[in-house]
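For reference, the structure is listed below as structure tokens.
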Amino acid sequence: MASIWRLGVLCGAQGGRALFVRIPVVRPAQVSAFLQDQPAPGWCRTQHIHLSPNHYSGSKAASLHWTGERVVSVLLLGLIPAAYLNPGSAMDYSLAAALTLHSHWGLGQVVTDYVRGDALQKAVKAGVLALSALTFAGLCSFNYHDVGICKAVAMLWKL
């Protein structure tokens, strides 16, 4: 069984020395406090990590969103070989929708995880929404006015 070690910098090492201390990080009381969203006893200068936004906690919306993300991911796994075997406009538009939705949700999670501050996060999420809308519109325009996604990838492979 692998054990987790904490760096000496986090709890008491002087001068920024990164020494490994042979004290396991995870203790049952700390795991229990983490799962109950309470500060853990014995932690020094650490920040509690929230796994999901507060407005989703306790609701079914987060579970449905997670399920939808997995469905789109599995759908993409089937769409890519199907697009190779049966290229056409229906496949082009399906790829445009699935790829845009998949990338929109992925970028949204990056924003949720790494952008701090409510106002900044809302602004960046609005930018991600605008980027996703432009991406979908561009892919649909490419499908309608040009050769389409499937034929474009086939043309790239022929190079």
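The values are calculated or read from the model by the stated rules, or taken from the named source; none is laboratory data. Keep in mind it's a predicted model, so treat the numbers as computed, not measured. We place every Cβ from the backbone using ideal geometry, glycine too, and count neighbours over all the protein chains shown. Accessible surface is based on the protein model in full, side chains and every heavy atom, while ligands, DNA and RNA are left aside. Shrake-Rupley method; radii C 1.70, N 1.55, O 1.52, S 1.80 Å.
Rounded to the nearest 20, the Cβ-based charge dipole of the range 53-155 about its Cα centre (Lys and Arg +1, Asp and Glu -1) stands at 200 debye.
Taking 14 Å as the cut-off, the amide N atoms of the range 67-82 that come nearer than this to a point 7 Å along the Cα-to-beta-carbon line of residue 102 belong to 69-82. Among residues other than residue 84 with Cβ under 13 Å from its Cβ, the summed charge is 0 (Lys and Arg +1, Asp and Glu -1).
Annotation: residue 122 carries an accessible surface of approximately 150 Å², with a 1.4 Å probe and no ligand, DNA or RNA atoms counted. Extension gain for the segment residue 116 to residue 67, taken as residue separation times 0.36 nm less the Cα-Cα distance, is 15.0 nm to one decimal. Of the peptides 96-107, 62-73, the order by per-residue mean of other Cβ atoms within 10 Å, starting with the highest, comes out as 96-107, 62-73.
For the range 89-159, the square roots of the Cα gyration tensor eigenvalues, ordered a ≥ b ≥ c, give a/c of at least 1.5 with a/b greater than b/c, which places it in the prolate category.
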